[in-house]
1. Given the condition in a strand (DSSP E or B), within 14 Å of chain B (Cβ to nearest Cβ) and within 23 Å of A:L52 (Cα to Cα), answer yes or no: does some residue in region A:297-304 qualify?
2. Go through (1) outside any loop (DSSP other than H, G, I, E, B); (2) among the aliphatic types (A, V, I, L, M); (3) free of Cβ contacts under 8 Å to residues at least 60 places away in the same chain; (4) open to solvent by 40 Å² or more (accessible area, probe 1.4 Å) for A:A8 and report which single condition fails.
3. Hey, B:H54 hits all of (1) surrounded by fewer than 24 Cβ atoms within 10 Å (Cβ to Cβ); (2) under 19 Å from the mean Cα position of the chain (by Cα) but one; which does it fall short on?
4. Check A:V121, A:V147 and return the single one that is of a type in the set (A, V, I, L, M, F, W, C), free of Cβ contacts under 8 Å to residues at least 60 places away in the same chain and open to solvent by 20 Å² or more (accessible area, probe 1.4 Å).
5. Checking A:A202 against (1) in contact with a helix residue (DSSP H, G or I) (Cβ under 9 Å, 6 or more places away or on another chain); (2) surrounded by fewer than 17 Cβ atoms within 10 Å (Cβ to Cβ): exactly one of these is not met. Which one?
6. Report whether or not B:A208 is touching a Phe, Trp or Tyr at 6+ places or on another chain (Cβ under 7 Å), small (G, A, S) and within 13 Å of chain A (Cβ to nearest Cβ).
7. So which residues in region B:317-339 are under 27 Å from B:A389 (Cβ atoms) and modelled with pLDDT of 85 or more?
8. Within region B:241-249, is even one residue crowded, with 16+ Cβ neighbours inside 10 Å and away from chain A (no Cβ under 14 Å)?
Amino acid sequence: MTQVLDAARLAHRAIVGATVMGLMGKAKRLAIVVGELGAIARAAPSAGHTDLVVTVDESSEDAAGIAKALDAARHSLSDDGILSLVVGSPVTAALIEVAASYGDAIASASATRDDAYADAVAWAALRARSARLTAPPVEPSRLALLVEVAARQGLTLVEPEIAVSVPGLGRVRGMKSPRARALLATMASGTSARPLFFVPSARAPKAGLLRAKVERLADGWVASGAAGAAEEASDAMPIVRAATAVLDDAACGGGGPMTFKELLREARERWSTDARANGQRATPSATDASDLAGALYRLAGDDRVELWMRDPAGSAMALAQL
Amino acid sequence: MTARFAYDEVPYDTEANSEAHPRAMATLARLFGIDAAAPSTARVLEIGCGDGEHMIAAASYLPRARFVGFDLAADAVARGIEIARQAGADNVALLHRDVRDVRASGLEAPNARPFDYVVAHGVYSWVPEAIRGDVLAVIRDALAPTGVAFLSVNASPGWELRRALRVLMREAAADAEDPAERVRLALGLVDELATSKGDGFVRVLARAAGEYRAHVVQATPPDVPFSRYVFHDLLAECNDPFSATELAARLRHAGLRIVCETPLARARAQPSSAWDLSAEMATSGTPFLQVLVCRDDATVADVPALDTIRAMHLWADLAPAGAGTYRTTAGAMLRAAGDTPLARAARSAPGFVAVSTLADGEGELSDLERDLFVAFCHGLLAIASEPAAIGGVTSAPRVAPHVRLHARAAAARGAKSAVLTSALHRSFRVPRAELAVVAELDGTTEAATIAARLAPHHGAGARKHVEKVLDRFARYGFLLAEEGAGA
């Protein structure tokens with residue numbers, strides 16, 4: 001099951017990313033425009049009132065069309081406004097497609113093999129069955145064109161350190177530019193919908209490098225993702241394991257998103273209860289919140305959880321879909 | 001890199017491809033009902049031949065066949081022309097040509113079409129999209145009515161993980177001009193990815209990076225300054241994969257069709273009336289696909305006709321391994337106790353044996369065809385439409401001039417080893433100590449004389465060393481029959 005251009009989900013995903021990156025303005029009610037690049041070019045949203053423009057690239061626009069769309073987007077932005085281009089990995093898209101078509105046959109054949117391809121298809125099969133958010137995949141040459149045209153229109157791509165956008169990737173040298181970091185994060189995370197951010201060039205940080213803080217998620221909401229949150233790795237932190245179990249139980253019970261603070265509290269209770277049952281002791285730590293935030297951010301990138309930084313019911317934003 | 005063609009700037013280390021040999025192509029063609037031409041007298045065209053190593057090696061064992069190859073890399077073609085001259089391969093013509101010109105004007109006599117076999121190995125995925133139509137048009141135009149072509153491409157979905165690596169490798173190497181530096185930076189990134197400890201897709205990519213690294217080691221000759229394979233593959237300007245469906249559609253558009261994959265997939269050994277190449281590629285995850293292709297007006301069977309095997313030959317390279325068991329040069333262990341067809345074949349080893357002579361009666365022959373087909377699909381045994389003129393150890397053993405040329409050249413430059421190609425078109429990396437023996441196998445020098453020449457290095461063990469090398473080379477299919485092929 002897939003959803004394409006689900007405006008509300010795209011908007012919320014972009015808001016979460018922008019919040020973690022420190023890009024999101026303080027407006028209580030956000031004015032958001034969501035639309036494909038071509039639609040933005042044609043519609044030319046109202047000047048100077050939009051806090052967030054969220055777009056996807058269907059690859060139907062040439063350089064001139066991209067320029068027109070980005071120019072329209074830039075002029076529509078408020079003083080603190082940002083543009084988000086949501087992209088997917090072409091490799092992930094291909095793997096999910098093959099898993100959807102040949103999932104059972106591959107699972108049967110993979111039972112006797114142990115290699116990266118078998119791992120990849122198993123990973124993709126889980127996602128093929130879930131209602132994940134997808135954006136059109138972006139090829140490297142297309143991304144380079146978008147970034148180049150954006151720069152000419154006064155919009156600069158900004159990216160955080162790789163350690164934040166793809167936890168666990170380790171040190172990867174040579175990916176210095178924001179475009180290179182965006183490419184690495186998109187390909188290495190296996191994302192189906194990753195927001196990239198462009199800010200008016202005058203506001204861009206040095207070298208396009210953002211200081212991301214996952215702790216900012218503490219003011220948000222969380223729910224189990226379409227693929228299920230369960231963190232079963234034996235080396236997962238106890239607070240994270242407990243939290244994902246809480247989320248999955250809530251989802252099974254038909255519950256909606258809970259606040260991060262509620263989740264942290266319930267996760268501590270669950271951890272404590274489980275520890276007592278095993279004759280152990282759960283010791284809350286001052287880093288529980290940041291540890292949990294980091295894990296949730298990683299899981300969100302893998303569609304295992306959904307995150308919101310504005311009311312999930314949408315009351316804190318005025319959303320216009322083009 | 002744009003100032004000079006990439007393959008002139010950095011040579012590509014071409015090797016013989018056994019599935020792209022006319023004998024292998026003829027075998028599969030006949031299995032699928034195509035009356036393919038006899039390889040021994042065939043006309044063979046190679047598109048993108050590089051330095052002609054694949055063709056010169058084949059031509060060395062098929063002196064009555066005619067081989068024509070062309071490539072855009074002028075330096076590679078020049079090297080190949082010299083090697084062919086030194087090897088006495090006067091049945092090989094190597095031409096510096098652009099495929100677009102060949103499509104427009106053809107090749108001039110005596111190198112003009114038609115051809116019984118066409119090879120386009122390592123070409124289609126690696127040329128610009130604008131040229132791919134020309135490649136297929138040249139194949140279609142060149143093929144005789146019962147001609148078959150070999151085409152290799154990177155294959156989706158198996159190649160998708162390499163696509164991810166390619167994107168990142170090219171980015172990592174983007175600021176470097178020097179080819180060796182580009183490869184160093186790219187492989188550095190691969191090594192970093194391989195050590196990642198993350199979850200989810202990060203873990204998948206880490207594993208893919210580790211596997212690719214191991215693959216590069218295998219694909220890169222040990223004596224080159226850097227991996228030219230990486231430079232011309234994942235770092236290449238053009239490199240696109242194709243699914244079976246997409247490839248079939250492109251071929252159809254060009255007046256061609258797929259006969260089968262090569263080598264045949266193991267799953268073909270299961271009796272089935274339906275074969276789905278797309279499903280096979282999805283389940284196997286192979287990143288590389290080789291197919292046999294023919295004109296769309298040729299008659300092709302949907303499934304292999306096993307009764308064609310009775311007219312073929314079995315390559316018996318079976319060495320006794322005790323208690324009715326035999327080992328092939330590929331390391332497969334086969335049981336053949338009593339007076340079974342395989343035991344009869346083993347008695348003729350090493351050499352080709354007509355399948356029809358191995359069975360008593362129609363019943364046993366049908367069973368034998370089935371068993372050989374299964375073994376063939378599993379890569380355990382080789383069958384061929386016609387035998388190569390190779391045999392066992394004689395008093396004055398002889399290898400093909402091309403093989404001696406390479407052995408001598410390697411010895412002259414002090415190389416630790418060299419890749420030599422057998423009559424079965426299989427390549428082996430041969431160590432220095434054995435090259436010294438091979439260089440002497442000219443059909444006039446007796447084994448004892450060779451041993452005497454090597455005595456200063458091997459002492460009393462020289463004779464045993466020579467015998468061991470000769471036995472191994474006989475089993476690998478290097479030794480020519482006394483009245484057989486080669487100059």
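The values are calculated or read from the model by the stated rules, or taken from the named source; none is laboratory data. In this text, all values refer to a predicted model and were calculated from it rather than measured experimentally. We place every Cβ from the backbone using ideal geometry, glycine too, and count neighbours over all the protein chains shown. Side chains included, ligands, DNA and RNA excluded: accessible areas come from the protein's heavy atoms. Shrake-Rupley method; radii C 1.70, N 1.55, O 1.52, S 1.80 Å.
1. Step one: filter region A:297-304 for residues in a strand (DSSP E or B), giving none.
Scanning region A:297-304 turns up no residue that is in a strand (DSSP E or B), within 14 Å of chain B (Cβ to nearest Cβ) and within 23 Å of A:L52 (Cα to Cα).
2. All conditions pass for A:A8, except number (3).
3. Single failed check for B:H54: (1).
4. Numbers: A:V121 fails: open to solvent by 20 Å² or more (accessible area, probe 1.4 Å).
Result of the check over A:V121, A:V147: A:V147.
5. In the conditions (1) in contact with a helix residue (DSSP H, G or I) (Cβ under 9 Å, 6 or more places away or on another chain); (2) surrounded by fewer than 17 Cβ atoms within 10 Å (Cβ to Cβ), A:A202 misses (1) alone.
6. Numbers: touching a Phe, Trp or Tyr at 6+ places or on another chain (Cβ under 7 Å): no; small (G, A, S): yes; within 13 Å of chain A (Cβ to nearest Cβ): yes.
So B:A208 fails the test.
7. If we filter region B:317-339 for residues that are under 27 Å from B:A389 (Cβ atoms), which is where we start, we get B:317-320, B:326-332, B:334, B:336.
Once the filter is applied, which keeps residues that are under 27 Å from B:A389 (Cβ atoms) and modelled with pLDDT of 85 or more, region B:317-339 yields B:Y326, B:R327, B:T328, B:A332, B:L334.
8. First pass over region B:241-249, keeping only residues crowded, with 16+ Cβ neighbours inside 10 Å: B:241-244, B:247-248.
When the remaining residues are screened for being away from chain A (no Cβ under 14 Å), the result is B:247-248.
The answer is yes; a qualifying residue exists.
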